[in-house]
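The values are calculated or read from the model by the stated rules, or taken from the named source; none is laboratory data. Remember, it's a predicted structure, so these values are computed and weren't measured experimentally. Note that we place each Cβ from the backbone using ideal geometry, even for glycine, and neighbour counts take in every protein chain shown.
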Amino acid sequence: MGVFFAVSAAIAIPTLIIQARDITSSGFSIVSTVAGLALGGVYISLVLLALHTPIRGALAAVFAPLGRMALTNYIGATILMLIGGLILDLPHSTSWTATVLLAAGILIIQELLSALWLRHYTQGPLGYLWRWVTWGSRSPLPYPFRIMTDTEVSYPSQSRSALPRLSRAILRFVNPPNRGKVRVSAVVKMPAVN
């Protein structure tokens, strides 16, 4: 992976310098295409290398909501960039600053909105519509599923201690008590232990 990063960076740096010098002709030129592909290689290799470091958990926390709502975020970012480009007159701009700030702002807003949406649903709205059209039948927008612990479910005629210790340990591992409460779509009652 380090070799791929080095080759991508060696190609990306000079092509990006050439592209940055002449912003008016960038976009649909050979130099822009090569710069974009090489920079994509740099991004991919940096993320893959970072996944083998201690910051793996932080990366997952940041990118997981964006990935779970990929279709909604992609279409939303495209629409927002087109509207923002018209408002900021980006086609006639001679600086990359406005474009980069607009893209970063959209990414931050999408991260926050994706995290909020996924607290209530398991997939994005456009992903849900895509599945509806693909499968030809409409199902309710699914809520996140969470296994309930023995303290959250009432068992008829048995106390909490009637659950075997292993079951309680598994439930705590799958659903730690410090995790936030989430709406439950199904509750399974365990049989009474004699």
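Some points to look at:
- Among the numbered conditions (1) surrounded by 14 or more Cβ atoms within 10 Å (Cβ to Cβ); (2) in contact with a Phe, Trp or Tyr (Cβ under 8 Å, 6 or more places away or on another chain), the only one that Leu49 does not meet is (1).
- Number of the condition not met by Leu112 [criteria: (1) surrounded by fewer than 12 Cβ atoms within 10 Å (Cβ to Cβ); (2) in the same structural domain as Leu129 (by TED's automatic domain parsing); (3) more than 27 Å from Arg131 (Cβ to Cβ)]: (3)
- Subset of the stretch 15-32 that is among the polar types (S, T, N, Q) and surrounded by 13 or more Cβ atoms within 10 Å (Cβ to Cβ) - its residue that is modelled with the lowest pLDDT: Ser26
- If you go through the stretch 29-63 and pick out every residue that is more than 17 Å from the chain's Cα centre (by Cα), assigned to a helix (DSSP H, G or I) and of a type in the set (Val, Ile, Thr), you end up with 5.
- Taking the stretch 64-155 and the helices (runs of 4 or more DSSP H) fully enclosed by it, the elements with 1 or more residues that are of a type in the set (Ser, Thr, Tyr) and modelled with pLDDT under 90 are at 97-118, 125-135.
- Subset of the stretch 1-10 that is part of a helix (DSSP H, G or I) and touching a Leu at 6+ places or on another chain (Cβ under 8 Å) - its residue that is surrounded by the fewest Cβ atoms within 10 Å (Cβ to Cβ): Gly2
- Residue match in the stretch 83-92 (condition: under 28 Å from Ala9 (Cα atoms), touching a residue at least 12 places away in the same chain (Cβ under 8 Å) and over 17 Å from the mean Cα position of the chain (by Cα)): yes
- If you go through the stretch 93-112 and keep only what is without any contact (Cβ under 8 Å) to a residue 40 or more places away in the chain and in contact with a Gly (Cβ under 7 Å, 6 or more places away or on another chain), you end up with just Leu102.
- Some residue of the stretch 63-84 being over 17 Å from Ile109 (Cα atoms) and surrounded by fewer than 13 Cβ atoms within 10 Å (Cβ to Cβ): no
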